[in-house]
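> First the structure, then my questions, so here it is.
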Amino acid sequence: MLKQRIITAAWLAPLVLAGLFGLHGGAFAFFTAAIVLIGAWEWSNLAGVQRLTHRAILVVGVGILMLLLWRSDAVFSPWPLWVAAAGWLVNIYWVTRYPEALVQWRSTPRRLLMGLWVLLPCWVGFNVLRESGGVWLLFVLLLVWAADMGAYFAGRALGKRKLAPHVSPGKSWEGVAGGLAATLVLALVFSVWQGLSWSGGLVLLMITLVVTMVSVLGDLLESMLKRYRAIKDSSQLLPGHGGVLDRIDSLSAAIPLFALLYTLVPNL
């Protein structure tokens, strides 16, 4: 399994990095749309859609919505990011109230609707941050990676208090603290690199704190859906890594929120 994970990462990472930072404009939008549409295919399974033709129709529908966002320039607008912020507030309630609030979202249409406010704003956030030049897109990618690594090592060494035992028993509050520590160090490094003022650096630290916590929620949301569906991975597309959603679950929350805050804060 470890060997397969390494082989997959060896060819996948350069491809993804080349697409995210080597493409611009429409090419970048198309590349990220392809990733999100694969995620939509997997989400349809998490929502309980079994027939392949129905899943394909749903993916085409998401693609049409993306095209409309692109043609109307809404892909660079903050309003889809506000939709994401509202949606993730609902997601927080559902994750923290699992399984008591299960009845509120377990129907297939509601899970599909949940996927729209998770996936479409994520795509918009990618484009907003890439349009800014790419530095802050890199920051969010590193933030999610640092949060995962910090949580992994801190959780293994110190983890005792369960974060969400009914959703993801392996996660702990000590792991969350380790992830926060790692991302705050990252924010300090970026503050110096970007030459931010003291006030700008403080704002970045505060944004990092919020986005790191929300990235944890992204992971928990997918874990909740997979637990309800009794599946381990969103798909087997990436050998050793599961599916695309398994790789972008934290990003699906972090990207739109950071992009929204980026549009609101003039100091970055």
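> Residues in segment 83-105 that are of a type in the set (Gly, Ala, Ser), touching a residue at least 24 places away in the same chain (Cβ under 8 Å) and either in contact with a Lys or Arg (Cβ under 7 Å, 6 or more places away or on another chain) or surrounded by 13 or more Cβ atoms within 10 Å (Cβ to Cβ) (or both): how many?
3
> Checking residue 61 against (1) modelled with pLDDT under 95; (2) assigned to a helix (DSSP H, G or I), which test does it fail?
It is condition (1) that residue 61 fails.
> Here's another thing I want to ask about it. Within the group 153, 126, which residue is more than 20 Å from residue 261 (Cα to Cα) and either out of contact with any Pro (no Cβ under 6 Å at 6 or more places or on another chain) or of a type in the set (Ser, Thr, Tyr) (or both)?
153
> Every residue in segment 140-151 that is touching a residue at least 24 places away in the same chain (Cβ under 8 Å) and either in contact with a strand residue (DSSP E or B) (Cβ under 9 Å, 6 or more places away or on another chain) or not aliphatic (A, V, I, L, M) (or both), please.
148, 150, 151
> Taking interchain pairs and intrachain pairs at least six residues apart, which have beta carbon atoms under 8 angstrom, with the first residue in segment 111-139 and of a type in the set (S, T, N, Q) and the second surrounded by fewer than 22 Cβ atoms within 10 Å (Cβ to Cβ) and modelled with pLDDT under 95?
The qualifying pairs are 127/76; 132/262.
> Grab the helices (runs of 4 or more DSSP H) fully contained in segment 108-207, keeping just those with 3 or more residues being of a type outside the set (D, E, K, R) and farther than 22 Å from residue 32 by Cα.
Output list reads 135-158, 173-193.
> Pick out the one residue from 180, 186 that is touching a residue at least 40 places away in the same chain (Cβ under 8 Å) and either farther than 20 Å from residue 214 by Cβ or of a type outside the set (Val, Ile, Thr) (or both).
186 is the lone residue from the list that is touching a residue at least 40 places away in the same chain (Cβ under 8 Å) and either farther than 20 Å from residue 214 by Cβ or of a type outside the set (Val, Ile, Thr) (or both).
> For residue 217, all conditions in the list (1) over 21 Å from residue 111 (Cα atoms); (2) among the hydrophobic types (A, V, I, L, M, F, W, C); (3) surrounded by 17 or more Cβ atoms within 10 Å (Cβ to Cβ) hold save one; what is the number of the exception?
(1)
> I would also like to ask the following. Checking residue 200 against (1) modelled with pLDDT under 95; (2) farther than 24 Å from residue 85 by Cα, which test does it fail?
(2)
> Shifting gears a bit: Taking only segment 236-254 into account, find how many residues are closer than 18 Å to residue 16 by Cβ, in contact with a helix residue (DSSP H, G or I) (Cβ under 8 Å, 6 or more places away or on another chain) and modelled with pLDDT of 90 or more.
Final tally of qualifying residues: 10.
> Looking at (1) closer than 16 Å to residue 152 by Cβ; (2) surrounded by fewer than 19 Cβ atoms within 10 Å (Cβ to Cβ); (3) of a type outside the set (Asp, Glu), which is the only condition residue 197 fails?
The one condition residue 197 does not meet is (1).
> Among 130, 156, which is the only one that is charged (D, E, K, R) and more than 19 Å from residue 219 (Cα to Cα)?
Checking each option against the conditions leaves just 130.
> Okay, moving on. Scan segment 6-25 and report the pairs whose first residue is surrounded by 12 or more Cβ atoms within 10 Å (Cβ to Cβ) and whose second residue is modelled with pLDDT under 85 and not basic (Lys, Arg), with Cβ atoms within less than 7 Å and a gap of 6+ or a chain change.
So the pair list comes out as 8/238; 8/239; 8/240; 8/241; 12/238.
> In a helix (DSSP H, G or I) and touching a strand residue (DSSP E or B) at 6+ places or on another chain (Cβ under 8 Å): is that true of residue 233 in this structure?
Spelling it out, it is not the case that residue 233 is in a helix (DSSP H, G or I) and touching a strand residue (DSSP E or B) at 6+ places or on another chain (Cβ under 8 Å).
The values are calculated or read from the model by the stated rules, or taken from the named source; none is laboratory data. As the structure is a computational prediction, the values presented were derived from the model and not from experiment. FYI the Cβ positions are ideal-geometry reconstructions off the backbone, even for glycines, and counts take in every protein chain you see.
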